[in-house]
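This report refers to the structure that appears directly beneath it.
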Amino acid sequence: MLTKEDGKSAVTLARSAIETYLETGEIIDSSEFNLSSIFKEKRGVFVTLKKDGDLRGCIGHPYPDSQLDSAIIDSSISAATHDPRFPSVESPEMNAITLEVTILSQPELVDVSPEELSEYVEVGKHGLIAKKGYSQGLLLPQVATEQGFDSSEFLSHTCLKAGLSPDEWKKGAQIYCFEGQIFTENTPGGDVSEEDFERACR
């Protein structure tokens, strides 16, 4: 688990990575930041950009394939410049964009029958990955709460994200669950809070 101070550092690192890259084209060196040892651990992470409450970019590392500091820097720059759903962010926009950094636990295959899946998945706690063949899609834990999905709808939308039919979770698609610590700016470049979507949906 990251401390609140670690969360602030994660968001600060993400913003610095984006702003430096947009202004200079250079990738920052995390050694210039006072980061705790947890940033040297391999962790999955997603970085989400929002502008006026609307999604402006979201890319990450679903699996712990890189050190957390490197994964944050890479995900941040990619979310700002390589999300195919949006044009690249321009530097002046950062004054209107809030950042959200979600640190992921290791995704684990859910080993229950399709009939039990909707009861196993906890809205507000679990994020999901749906996989079948070469198709794969991921939705973060906060998506279900923000969109008002119940567990069945969350499973269906994760399958759609993977390019599968919405009921593929009933037909043999592999479903992986993970949890996330979510740190978000309250205002662009402002104070950082840890979100608790699980508590909010109770």
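Could you do me a favour and compute the accessible area per residue for the chain, 1.4 Å probe, result in Å²?
Ligands and nucleic acids excluded, the figure is 50 Å² per residue.
Averaging the Cα positions of each part gives two centres, and for the stretch 69-95 and the stretch 1-47 these lie 13 Å apart.
Comparing L22, L128, F183 along the charge dipole axis of the chain, the residue lying farthest to the positive side is L128, per the Cβ-charge model. Averaged over residues, the count of other Cβ atoms within 10 Å places the peptides 127-139, 6-18 in the sequence 6-18, 127-139, highest first. Packing-based ranking of 103-115, 162-174 yields 162-174, 103-115, ordered from highest to lowest mean Cβ neighbour count within 10 Å.
The mean sequence separation of alpha-carbon pairs under 8 Å and at least six residues apart, normalised by the residue count of the chain, gives a relative contact order of 21 percent. Rounded is the label for the stretch 105-163, because the ratio a/c of its alpha-carbon gyration tensor axes (a ≥ b ≥ c) stays below 1.5. In summary, the lysines within cross-link reach of K4, defined as a Cα separation below 24 angstrom excluding same-chain residues under 8 places away, comprise K40, K42, K50, K51, K125.
Label separation (Q147 vs N186): 2.9 nm, computed from points 7 Å beyond Cα along the C-beta direction. To the nearest ten degrees, helix 151-161 and the longest principal axis of the Cα atoms of the chain are 70 degrees apart. Each residue of the stretch 77-89 was assigned a 3J(HN,Hα) from its phi angle through the Karplus expression (A = 6.51, B = -1.76, C = 1.60, θ = phi - 60°), giving 5, 5, 5, 7, 10, 10, 6, x, 7, 9, x, 4, 5 Hz with x at Gly and Pro.
Name the shape class, rounded, prolate or oblate, that the alpha-carbon gyration tensor gives for the stretch 1-117, where a ≥ b ≥ c are the square roots of its eigenvalues, rounded holds for a/c under 1.5, and otherwise prolate holds if a/b is larger than b/c and oblate otherwise. Because a/c hits 1.5 or more and a/b fails to exceed b/c, the stretch 1-117 counts as oblate. Axis of helix 4-24 versus longest Cα principal axis of the chain: the two differ by about 70°, to the nearest ten degrees.
The loop-placed GluC sites (Glu not before Pro) in the stretch 14-57, going by DSSP, that have at most 16 neighbouring Cβ atoms within 10 Å of their Cβ come out as E26, E41.
Close amide H contacts of R56 (hydrogens built in the peptide plane, cut-off under 5 Å, sequence separation of 5 or more or a different chain): L49, K50, K51. What is the percent carbon and sulfur in the accessible area of the chain, measuring with a 1.4 Å probe over the protein chains and ignoring ligands? With neighbouring chains kept in place, the figure for the chain is 45 percent. With the helix formula -39500 (n - 2.57) applied to DSSP H stretches of n ≥ 4, the chain reaches a computed 222 nm mean residue ellipticity of -9500 deg cm²/dmol.
Taking one quarter of the surface of the convex hull spanned by the alpha-carbon atoms of the stretch 37-180 gives a direction-averaged projected area of 9.0 nm². Remark: the chain carries a charge dipole of roughly 380 debye about the Cα centre, counting +1 on each Lys and Arg Cβ and -1 on each Asp and Glu Cβ. For the stretch 118-202, dividing the convex hull volume of the Cα atoms by the residue count gives 99 Å³ per residue.
Panel values: the stretch 52-109, Kirkwood radius from alpha carbon pairs, Stokes-Einstein at 20 °C and 1.002 mPa s, translational diffusion coefficient 171 µm²/s.
The values are calculated or read from the model by the stated rules, or taken from the named source; none is laboratory data. As the structure is a computational prediction, the values presented were derived from the model and not from experiment. We place every Cβ from the backbone using ideal geometry, glycine too, and count neighbours over all the protein chains shown. All accessible areas refer to the heavy atoms of the entire protein, side chains included, with ligands and DNA or RNA removed. Shrake-Rupley method; radii C 1.70, N 1.55, O 1.52, S 1.80 Å.
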